[in-house]
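What follows is a single structure, written as structure tokens, with notes after it.
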Amino acid sequence: MANPGGGTICNGKLHNHQKQSNGSQHGNHKRNGIIREAQQNGKPHLYNKPFVESFEEVPMYVAIFTYLGYGIGTLFGYLRDFLRNHGIEKCNMAVERKEQKDFVPLYQDFENFYTRNLYMRVRDNWNRPICSVPGPTFDVMERVTDDYNWTFRFTGRIIQDVINMGSYNYLGFAEKTNESLTTVRNALKKYGVGVCSSRQEMGNIDKHKELEDLVAQFLGVEAAMVFGMGFATNSMNIPALVGKGCLILSDELNHASIILGARLSRATIWTFKHNNMQSLEKLLREAVIYGQPRSRRAWKKILILVEGIYSMEGSIVRLPEIVALKKKYKAYLYLDEAHSIGSLGPRGQGVVDYFGMDPCDVDVFMGTFTKSFGAAGGYIAGRKDLVDYLRVHSHSAVYATSMSPPIAEQIIRSMKSLMGLDGTTNGIQRIRQLAQNTRYFRNRLNEMGFIIYGNQESPVIPLLLYLPSKVAAFSRILLQRKIGVVVVGFPATPIIEARARFCMSSSHTREMLDTVLKEIDEIGNILRLKYSRHKKSARPELLDETNFEPED
């Protein structure tokens, strides 16, 4: 939290810090050296690490051409709709039957305009069928289209050894070697694939209990509870924690599962600007002073919802400042560590480990096993009374089928490796290798002149492409060169911030990364994607902003 003296309030204590330069001539990054004393494993230690994040401003001419691109695409869309309505062009979208012309429309024509006229032109860049383990490389089934992406047909050819730069396989546990999957194979033989029941009925097996105890030990909390689906861990548990008369303060860039859970809870939702402590404190202050609208009664609960790593921006939550605010205003903190668990911190224990903080500072831990652990499902962890309450009141616990036993064993073997309980240092080596790969890849992309978003420690690396035509071309050319990437555009991002999103993995070798970087450098020259001018943007000056209203 900013203050006139230039200090940072961490856990109720004021610690002075200075803004440092990153050595760049143009000052593209901002470093906030946060020095604080933390308590971990009973021993205080000093945390002193620069918090480096970069959000370079889009050049004006690029923004103009991006808007023009969408505008021209929209005009041609209306023209093609006119041709379809008059039978000049064939319409491949689902349409109402003539016998149902007097019915309420099932398909809203205008709502499908974007899908019909813009998305279909670049649809071949998504949903590509993979036919191997999503390790550092994978195999892709080749498909072609004869009707401009409305339908696809398989050629029967397999594109082998495509370098995988898009999967969330941060620690490389998505693997198929016999040695690594021995315990998983044994669990499959003993328990089978499915449990065929919920945890409260006949689906509560010893593997679930073993996994929950291990998760609690790994996170340093009293108890944990696991679920079979990561998305439902948020969307089905948030409604069990808050309800009518409660207030949710949600970061504007939170994941869709958090947004859905917040809406299902019927609580009042206020959003604050991304990672902006002034915006958050302004809302907290108003909530405490004015209470609920009309009645002015105090809120039953105030719950702050944030993520450890934001998967579209590559940014890391400013946890010390948020914890200080939640303690100051007596709010609760819900931390989604879907992307940060396993990938951040010296021991892979997430953003709390990264900042060297006490796990007790966070009220509700949430995370998924779908990324760093190469499995499926999610967890909620914290105090024992919290977990016991959710076992009874969570819809995901009461009604959903419990986690598959082989999946539970995969998570157990991965987590034991990170904790060193397998008798090796393999887990720690994976964590360190991921950090090295992340810094190397980010630095090289910055040196080439691309605009890169996010924190320098984040394994999620967005490369800004902006123009919709370049989004499609970038993905297609890379696949031709046997590199698989994820590209993202509107409405998943702001309309002028389409991007490619690279996900680092400890299983990536230096040779793989150099190959990818060489191809990206060449494609960047061909498509003219090197927009960086090392100009500081107004957007990341999170501690100095005076506009507290979230962007639409």
field: Selection count, segment 273-287, where residues are out of contact with any helix residue (DSSP H, G or I) (no Cβ under 7 Å at 6 or more places or on another chain), part of a helix (DSSP H, G or I) and open to solvent by less than 10 Å² (accessible area, probe 1.4 Å)
entry: 2
message: Given the criteria touching a Leu at 6+ places or on another chain (Cβ under 7 Å), surrounded by fewer than 22 Cβ atoms within 10 Å (Cβ to Cβ) and within 30 Å of residue 52 (Cβ to Cβ), does residue 270 qualify?
response: yes
query: Can you name every residue in segment 490-511 that is open to solvent by 50 Å² or more (accessible area, probe 1.4 Å) and not in a helix (DSSP H, G or I)?
result: 490, 491, 492, 494, 495, 509
field: Residue count for segment 448-489, restricted to those that are assigned to a loop (DSSP other than H, G, I, E, B), open to solvent by less than 20 Å² (accessible area, probe 1.4 Å) and among the polar types (S, T, N, Q)
entry: 1
field: Of all residues making up segment 288-322, the number that are in contact with a Phe, Trp or Tyr (Cβ under 9 Å, 6 or more places away or on another chain), open to solvent by less than 20 Å² (accessible area, probe 1.4 Å) and within 23 Å of residue 53 (Cα to Cα)
entry: 13
task: Would you please list the contacts, defined by Cβ atoms under 6 Å and residues six or more apart or on different chains, that run from a residue in segment 270-297 that is under 24 Å from residue 260 (Cα atoms) to a residue that is open to solvent by 20 Å² or more (accessible area, probe 1.4 Å) and assigned to a helix (DSSP H, G or I)?
output: 270/283; 272/283
query: Just to be sure, is residue 199 crowded, with 17+ Cβ neighbours inside 10 Å and among the charged types (D, E, K, R)?
result: yes
message: Within segment 206-228, does at least one residue satisfy the condition of being farther than 17 Å from residue 417 by Cα, of a type in the set (Phe, Trp, Tyr) and in contact with a helix residue (DSSP H, G or I) (Cβ under 6 Å, 6 or more places away or on another chain)?
response: yes
Flag if residue 144 is β-branched (Val, Ile, Thr), farther than 29 Å from residue 348 by Cβ and more than 28 Å from the chain's Cα centre (by Cα): yes
field: Residue in segment 143-154 that is assigned to a strand (DSSP E or B), farther than 26 Å from residue 341 by Cα and in contact (Cβ under 8 Å) with a residue 12 or more places away in the chain present
entry: yes
field: Single residue of segment 92-104 satisfying the filter (surrounded by fewer than 10 Cβ atoms within 10 Å (Cβ to Cβ) and more than 30 Å from residue 145 (Cα to Cα)) that is modelled with the lowest pLDDT
entry: 101
query: Restricting the search to segment 417-429, which residues are open to solvent by less than 10 Å² (accessible area, probe 1.4 Å) and either of a type in the set (S, T, N, Q) or under 18 Å from the mean Cα position of the chain (by Cα) (or both)?
result: 417
task: Using the structure shown, decide if residue 211 is more than 21 Å from the chain's Cα centre (by Cα), outside any loop (DSSP other than H, G, I, E, B), crowded, with 16+ Cβ neighbours inside 10 Å and not aromatic (Phe, Trp, Tyr).
output: yes
message: Being among the basic types (Lys, Arg) and either touching a His at 6+ places or on another chain (Cβ under 9 Å) or surrounded by fewer than 17 Cβ atoms within 10 Å (Cβ to Cβ) (or both): is that true of residue 432 here?
response: yes
- request: Can you work out which of the residues in segment 233-255 that are of a type outside the set (Ser, Thr, Tyr) and farther than 24 Å from residue 277 by Cβ is surrounded by the fewest Cβ atoms within 10 Å (Cβ to Cβ)?
  value: 244
message: If I filter segment 434-446 for residues that are aromatic (Phe, Trp, Tyr) and touching a Leu at 6+ places or on another chain (Cβ under 8 Å), do I get at least one hit?
response: yes
- request: Return yes or no: is residue 221 among the hydrophobic types (A, V, I, L, M, F, W, C) and closer than 18 Å to residue 401 by Cα?
  value: no
query: Only one residue in 77, 71, 87 is small (Gly, Ala, Ser) and over 36 Å from the mean Cα position of the chain (by Cα), so which one is that?
result: 87
query: Do we find a residue being open to solvent by 20 Å² or more (accessible area, probe 1.4 Å) and within 29 Å of residue 206 (Cα to Cα) anywhere in segment 332-355?
result: yes
Every pair of residues 6+ apart whose Cβ atoms lie under 7 Å, when the first sits in segment 387-408 and is at negative phi and touching a residue at least 40 places away in the same chain (Cβ under 8 Å) while the second is β-branched (Val, Ile, Thr) and surrounded by fewer than 16 Cβ atoms within 10 Å (Cβ to Cβ): 404/193; 406/193
task: Identify the single condition in (1) more than 30 Å from residue 481 (Cα to Cα); (2) in a loop (DSSP other than H, G, I, E, B); (3) modelled with pLDDT of 90 or more that residue 76 does not satisfy, given that it satisfies every other one.
output: (2)
query: So how many residues does segment 230-264 have that are within 23 Å of residue 282 (Cα to Cα) and not β-branched (Val, Ile, Thr)?
result: 14
task: Tell me, yes or no, whether segment 293-301 has at least one residue that is within 15 Å of the chain's Cα centre (by Cα) and not aliphatic (A, V, I, L, M).
output: no
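The values are calculated or read from the model by the stated rules, or taken from the named source; none is laboratory data. Since this is a predicted model, take the numbers as computed values, not measurements. Positions of Cβ are generated from backbone atoms using ideal geometry, with glycine treated the same way; all protein chains shown enter the neighbour counts. These area figures cover heavy atoms from the full protein model, side chains too; ligands, DNA and RNA do not enter into them. Shrake-Rupley method; radii C 1.70, N 1.55, O 1.52, S 1.80 Å.
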